[in-house]
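Below is one structure, written out as structure tokens; the observations come after it.
The values are calculated or read from the model by the stated rules, or taken from the named source; none is laboratory data. Note that the structure is predicted; figures quoted are calculated from it, not measured. Methodologically, a virtual Cβ is constructed for each residue, glycine included, from the backbone with ideal geometry; neighbour enumeration extends over all protein chains shown. Note: accessible area is taken over every heavy atom of the protein model, side chains too, but ligands, DNA and RNA are not part of it. Shrake-Rupley method; radii C 1.70, N 1.55, O 1.52, S 1.80 Å.
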Amino acid sequence: IPVASFDCVVFGATGDLTTRKLLPALFYRFQDGQIPGTSRIIGASRTDIAAETFRERARDAIKRFVPPQDIREGALDAFIDHLDYVMIDGAGEEGWAELTAKLNERPDQVRPYYLATSPDLYGPICRNLASHGLIGEKSRVVLEKPIGKDLKSARAINDAVGEVFPETQIYRIDHYLGKETVQNLLALRFANTIFERLWTADVIDHVQITVAETVGVEGRAGYYDRSGALRDMLQNHLLQLLCLTAMESPLNLDANAVRDEKLKVLRALKPITPNDVQQVTVRGQYGAGAVAGKPVESYATELEGPSRTETFVAMKVEVQSWRWAGVPFYLRTGKRMPQKLSEIVVQFRASPFSIFPEESFGREPNRLVIRLQPQEGMKLEVMTKDPGPGGMRLRPTNLDISFEETFKQRYPDAYERLLMDVVRGNATLFMRRDEVEAAWAWADGVLKAWSDRPEAPRPYPAGTWGPTSAIALIERDGRTWHEEL
Ligand code: BG6
């Protein structure tokens, strides 16, 4: 279904995110007929290039990041015709008159302003948009993460943006919320009766959330080294996954109804203090090693110098509520892990009593594994009888739903869904100010506890599942990290 005609201004138009994600996402939506012909995508950045050069770069980006078999004949040329470019100084005066003139050509368009720049520019760009009279009822501003590096800086950004945009026109992106399987969590929990009945501390033993990447810092060392895994991944993506797993049923799918419930989870997170930080958190940094058979350098070598930034973090987190009392959430995320894998594992309590003879049965508990990437799907690990005349021998088996097999279609990238939601004005999958700040308030506690007891991150060889202390973190509780059956 086509969305309303729009003029999307992308600040940071020559940057990595625009090239890798935004342009390919917009191209796919265009090719599927969702973007009306009167829409424009206006790149804006400080780079001094002509509109034609920007179009050529966009063409190259799409050829690079969209598989050739997905590009239909003529579609790329038609898409490129919708692109324009303005050289602009987000924080200064240059370029604003030109942008204003272009936008005023079509005053009735929906106007998403996508800020894919450094967060220091969010406030200045918004002030410039306001002073040039570019904010109306149909304008929206999209903020990429990171929204700050702690609660204080997040508040300063939110204040500056909030001075010129009402909260209902601010779209804070966490692209994990645009992933199909993440949205499927809502369907799984609230469109089925069987799981929700079991979703309590009486039945669930613990939950694990793993987001593992094989990549290193990929030329982003400058940003990453000031950030680290807690700020880059855990404060946002992993906490959002935790919220969707742990929240109560929202009243409906309205943006505020969903966000109210996620906020309650964030507020219920037990603070991590200097007293328990060493027991419940592990920081790691990758050394040299091999990923998928290929040798890779250490983080320090990539960075060209020593660093105390963590590229891996594992944590035991508690949600203080009736539903979750006594059910730990183990979170872990890292760069240079053996495989790219994001999953949520809900492990149920072991059966209380066994009628089966000891030798027949490994007592595997049931697990529900929600696989976000790759091979999106879900499986329920259950005990079954081993076929054959050998007597009552049991073994764990999977009830498996592969989304790829079930729905034979391309999985749209998260940004495709999210960009169209911005145009439609649907903020359900975006973060509200109080959510971002609640997540920072909790993460600040961890950062402070770490800085009170400074310890170098534990080394782990690239291509492994993190430092051994991450294994000890969960094994101390008599549990283990999930491994594929
Ligand atoms: C980004 C982080 O938000 O998410 C990156 O800044 C990370 O460091 C990326 O690589 C992971 O996203 P995805 O969609 O590839 O899992």
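Could you list the residues of the stretch 439-469 with an amide nitrogen less than 18 Å from a label point located 7 Å from the Cα of Lys294 in the Cα-to-C-beta direction? Only 462-464 fall inside the zone, counting backbone N under 18 Å. Pairs exceeding a 19 Å alpha-carbon distance, out of Lys262/Lys448; Lys294/Lys340; Lys270/Lys448; Lys262/Lys379: Lys262/Lys448; Lys262/Lys379. Judged by the mean number of other Cβ atoms found within 10 Å, the most tightly packed of the peptides 342-353, 195-206 leads the ranking 342-353, 195-206. Of all the accessible heavy-atom surface of the stretch 160-236, with the other protein chains kept in place and a 1.4 Å probe, what percent is carbon and sulfur? For the stretch 160-236, the apolar C and S fraction of the accessible surface comes to 51 percent.
In this calculation the C-beta distance from Thr468 to Gln373 is compared with R0 = 41 Å, giving a FRET efficiency of 0.95. Shape class of the chain from the Cα gyration tensor (axes a ≥ b ≥ c, square roots of the eigenvalues): prolate, since a/c reaches 1.5 or more and a/b is larger than b/c. Modelled spin labels at Ala441 and Arg308, positioned 7 Å past Cα toward Cβ, are 2.8 nm from each other.
Cα centroids of the stretch 1-79 and the stretch 225-287: 33 Å apart. Modelled spin labels at Glu196 and Ser451, positioned 7 Å past Cα toward Cβ, are 4.3 nm from each other.
In this structure the amide hydrogen of Ser342, modeled in the peptide plane, comes within under 5 Å of the amide hydrogens of Ala212, Leu372, Gln373, none closer than 5 places in sequence on its chain.
The spacing between the stretch 334-377 and the stretch 454-485, judged by their C-alpha centroids, is 17 Å. Say the dipole of the stretch 1-114 comes from +1 at the beta carbon of Lys and Arg and -1 at that of Asp and Glu; which of Leu22, Ala97, Tyr85 then lies farthest toward its positive end? Towards the positive end, the residue furthest out is Leu22.
Just the protein heavy atoms count here, and of the accessible area of the stretch 59-126 at 1.4 Å, carbon and sulfur take up 47 percent.
Take the Cα of Arg220, step 7 Å toward its Cβ, do the same at Gln320, and the gap between the two points is 3.3 nm. Summarising the amide proton neighbourhood of Gln285: residues at separation of 5 or more, or on other chains, whose placed amide H is nearer than 5 Å comprise Thr311, Arg458, Tyr460. Estimated from the Cβ-Cβ distance and a Förster radius of 45 angstrom, the FRET efficiency linking Asn252 and Val382 is about 0.85. Solvent-accessible surface of the chain, averaged per residue with a 1.4 angstrom probe and all protein chains in place: 44 square angstrom. Could you check how much of the accessible area of the stretch 298-450 is carbon and sulfur, as a whole percent, using a 1.4 Å probe? Carbon and sulfur atoms account for 55 percent of the accessible area of the stretch 298-450.
Each Lys and Arg Cβ is given +1 and each Asp and Glu Cβ -1; about its Cα centre, the chain then shows a dipole of about 740 debye. Taking the C-alpha atoms only, the angle from helix 433-452 to the longest principal axis of the chain is near 60 degrees.
Apply 1/(1 + (r/R0)^6) to the Cβ-Cβ distance of Arg72 and Arg20, taking R0 = 25 Å, and write down the FRET efficiency to the nearest 0.05. Once rounded, the FRET efficiency stands at 0.75. Each Lys and Arg contributes +1 and each Asp and Glu -1, all at the Cβ; summed about the Cα centre of the stretch 416-485, the dipole is approximately 100 debye. Which residues does the label zone of Ser354 cover in the stretch 459-485, counting backbone N under 13 Å from a point 7 Å along Cα→Cβ? Under 13 Å, as judged by backbone N against the label point of Ser354, lies no residue of the stretch 459-485. Ranked by the mean number of other Cβ atoms within 10 Å per residue, highest first, peptides 391-404, 4-17, 145-158, 266-279 order as 4-17, 145-158, 266-279, 391-404.
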